[in-house]
Amino acid sequence: GSEVDTVLQAGSGRLHVLNLLQRMGARPAQSAPGSTKLRDLLVAGQRIVKRRSSVFVISDFISEPGWETALAQLAMRHEVTAVRLFDPLEMELPDLGLVTMVDAETGEQLVVDTHDRGFRERFAAAATRREAALLDGLARAGVDTLELATDGDLMDAILRFADLRKQRSRLANWSGKPGRGG
């Protein structure tokens, strides 16, 4: 959706996680048609989360422009991790012939001929431009980004991300002086 409809206060423990998962599972599969306004959700998050916190923004980051600035402002006060969900098919279409595509934002349907090489090349070029702009926006916002592909191993991606953050933290705290040997 494009507006905050539920706020679950921060908490810890098994029951809190189960409550969160239950609420997520109870959400409707589809929200009302309309473009995502991630900027508005991030601004609302700034108002809701008062104390310095770890914030995870889970999105495909396909949104109306302006979310980058709101994400950067959120990151000024909080430790923000952008969790980007993506489907590799959004980058390159396979040759499947006629396919009905549905715009998840508007519900608009369009029949396309994926057998047409020119169409697939134009689609890939547009996807590459969108991807470059998205990654540039995340970099400008100055947040850590965890990318999760729909065809990837979720646990492997999370462990790799955690390992990279640990290495970065170790390098940031390294004084350059040799440790005491024994």
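The values are calculated or read from the model by the stated rules, or taken from the named source; none is laboratory data. In this text, all values refer to a predicted model and were calculated from it rather than measured experimentally. All Cβ positions, even for glycine, are placed from backbone atoms using ideal geometry, and neighbour counts span all protein chains on display. These accessible areas exclude ligands, DNA and RNA; they are computed on the full protein's heavy atoms, side chains included. Shrake-Rupley method; radii C 1.70, N 1.55, O 1.52, S 1.80 Å.
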Next item on the list: Scan the stretch 145-161 and report the pairs whose first residue is among the aromatic types (Phe, Trp, Tyr) and whose second residue is at pLDDT 80 or above, with Cβ atoms within less than 6 Å and a gap of 6+ or a chain change.
Entry: PHE161/LEU146
Note to self: For the stretch 60-82, give me each residue that is open to solvent by 30 Å² or more (accessible area, probe 1.4 Å) and closer than 14 Å to LYS37 by Cβ.
What the structure shows: ASP60, ILE62, SER63, GLU64, PRO65, GLU68, THR69
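Looking at LEU42, LEU93, LEU8, which one is modelled with pLDDT of 90 or more and open to solvent by less than 70 Å² (accessible area, probe 1.4 Å)?
Details: LEU93 fails: modelled with pLDDT of 90 or more; LEU8 fails: modelled with pLDDT of 90 or more.
Just one listed residue meets the conditions, LEU42.
Matching residues to (1) open to solvent by less than 50 Å² (accessible area, probe 1.4 Å); (2) over 14 Å from the mean Cα position of the chain (by Cα):
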{"residue": "SER53", "(1), (2)": "yes, yes"}
{"residue": "ARG84", "(1), (2)": "yes, no"}
{"residue": "LEU98", "(1), (2)": "no, yes"}
{"residue": "THR106", "(1), (2)": "no, yes"}
{"residue": "ARG117", "(1), (2)": "no, yes"}
{"residue": "ARG129", "(1), (2)": "no, yes"}
Check: Within the stretch 109-132, can you find the residues that are of a type in the set (A, V, I, L, M, F, W, C) and farther than 23 Å from GLU64 by Cβ?
Finding: VAL111, VAL112, PHE119, ALA124
Next item on the list: Working only within the stretch 38-72, note down all residues that are among the small types (Gly, Ala, Ser) and out of contact with any Asp or Glu (no Cβ under 6 Å at 6 or more places or on another chain).
Entry: ALA44, GLY45, SER53, SER59, SER63, GLY66, ALA70, ALA72
Check: Quick one: ARG122 ticks every box in (1) of a type outside the set (Val, Ile, Thr); (2) over 28 Å from VAL55 (Cα atoms); (3) open to solvent by 70 Å² or more (accessible area, probe 1.4 Å); (4) in contact (Cβ under 8 Å) with a residue 12 or more places away in the chain bar one, so which box is it?
Finding: (4)
